[in-house]
Each structure stands twice: as structure tokens, then as C-alpha cells.
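Worksheet for the structure shown next.
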Amino acid sequence: MNWSLFAVTSLGAAFCWGVAALRARKRARRPEDTPLCVVASLTEGRFRVVGRIAPIRTIPSAVDGTPCVYRDVAEYRAMPGARGALRSEIAHEVSAHPFFVDDGTGHLLVDPRYAEIEAVSVSEDDGLTTERRLRAGEEIEVVGTMCRLEVEREGGPYRGATACWGVDASDAPPKISYRTAPEMLEPSDDVNAFFRGAGFLLVFAGALIGALAG
């Protein structure tokens, strides 16, 4: 067996696996160390709240018509004569409406227009339409500086003027994370998959060639 060839391919495989591991580490969501609090117990300060989206107004999804409070849609055109994923963006639109987060103890008013949003992407037409969205009724996590607000609630389940908690975006944008989608906890990465596969292929090819050469 040609051990020098096997060593070279093994080093190449180790490099590929190392790159994949480094990318996965960079992409992984880091645990949020901001204190978790229910709306009924909020005070002024920075907290983390988990609850479901209670919409005031909605926008239909461009993919399947689902009511959304936030929608980021991109339209693409396949490049002439190109194969695979080569495409060019021809349109991009972001639509958003303020909404309440209902955690069962109270309601937190959130405006996604001034927030950093993590959301799963969905697509149709072989990827020529892609959409990031927050749908009505789904569970999210909001991290930000909480403040007391006087709001006018018209229509729906929230009527009349009342006091509620909101998120202050003046100092730093709040962070909204999609809680119920596994892809947001362990983001997929096609490049990672390529490097892992290349690593296994190098080991296999090195062992095979070394055995035949030996």
C-alpha cells in the first residue's frame, strides 16, 4: 500500500472536515444570555420573551398565501443557457406590520420594520421565488429593551386604548427569532455538505488507489 499517498489524501480529508466544522460553528446560533421573562412580569430593561404572533394586520405569503406579519420576497430569473443554481435577482420586496407577541400572560408590541429577523426561507418555481416570513400564530423569541407603551388597539381581539409593553429600537434593534423551525436551530449549509462529502471521497479514493498501487 502506498502510505505516502494515503497520508496526503488523509490530510486533504482532514482539511475539508476542518473547514466544514469551522463554518458550522460560525453559522450556529449562540445561546442568548439575556434573561427570559413573561410579559406580566416585565420591567424596564433588556429581556427575552417567547410567545406566539397575534397579528394586527397581515400580508399574504407570496408562496402559499399564508397570513404573515413579515414577508421578504425575492424574485429571480434563470441565466440563459446556465445549469444549476445560476440566476439573477429581478425583484425584491419587504413588507411588514407591527404585531403583538402573546405569551399567555400579556401582550408585547413588536414592529418588525426596526428589528433583526431570523426566519426560514421557503421557495417555489424551482427557487425562482424565495421568501423569508413570520406567520400569524407561530412561536417566536424577541430579545430587546422593553418599555411601557400606550397603544390604540382597533379591531380584532384587541380593542380600545390600553397600556402594554413594547420594544424600544432607538438604541439597538430588537432580535426576532423563529422558534419552531429546526432550520433556525441548526442552519443547513450546502457548502458544509460539499466539504464533508469531499473529505469522505478523498479518504476512500486514497485507500483504493493505495491498495491498487501496493
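The values are calculated or read from the model by the stated rules, or taken from the named source; none is laboratory data. Remember, it's a predicted structure, so these values are computed and weren't measured experimentally. Heads up, the Cβs are rebuilt from the backbone with ideal geometry, glycines too, and the neighbour counts pull from every protein chain shown. The area values use the complete protein model at the heavy-atom level, side chains included, leaving out ligands, DNA and RNA. Shrake-Rupley method; radii C 1.70, N 1.55, O 1.52, S 1.80 Å.
Considering only residues that are of a type in the set (S, T, N, Q) and assigned to a strand (DSSP E or B), look in the stretch 159-181 and name the one that is modelled with the highest pLDDT.
Narrowing the stretch 159-181 to residues of a type in the set (S, T, N, Q): 162, 170, 177, 180.
If we keep only those that are assigned to a strand (DSSP E or B) as well, we get 162, 177.
Working: Thr162: 60, Ser177: 92.
This residue is Ser177.
Looking only at the stretch 52-64, which residues are open to solvent by less than 40 Å² (accessible area, probe 1.4 Å) and not hydrophobic (A, V, I, L, M, F, W, C)?
Ser61
Regarding Arg57, is this residue outside any strand (DSSP E or B) and at pLDDT below 85? Working first, answer last.
Details: outside any strand (DSSP E or B): yes; at pLDDT below 85: no.
No, not satisfied.
Tell me, yes or no, whether the stretch 66-78 has at least one residue that is out of contact with any Pro (no Cβ under 8 Å at 6 or more places or on another chain), open to solvent by 70 Å² or more (accessible area, probe 1.4 Å), at pLDDT below 90 and of a type outside the set (S, T, N, Q).
Yes: one or more hits.
Quick one: what pairs do we get from the stretch 40-60, first residue more than 19 Å from Asp168 (Cα to Cα) and touching a residue at least 60 places away in the same chain (Cβ under 8 Å), second surrounded by fewer than 17 Cβ atoms within 10 Å (Cβ to Cβ) and among the charged types (D, E, K, R), C-beta under 6 Å, 6+ apart or different chains?
Sorted first by the residue in the stretch 40-60, then by its partner, the pairs are Arg52/Glu139.
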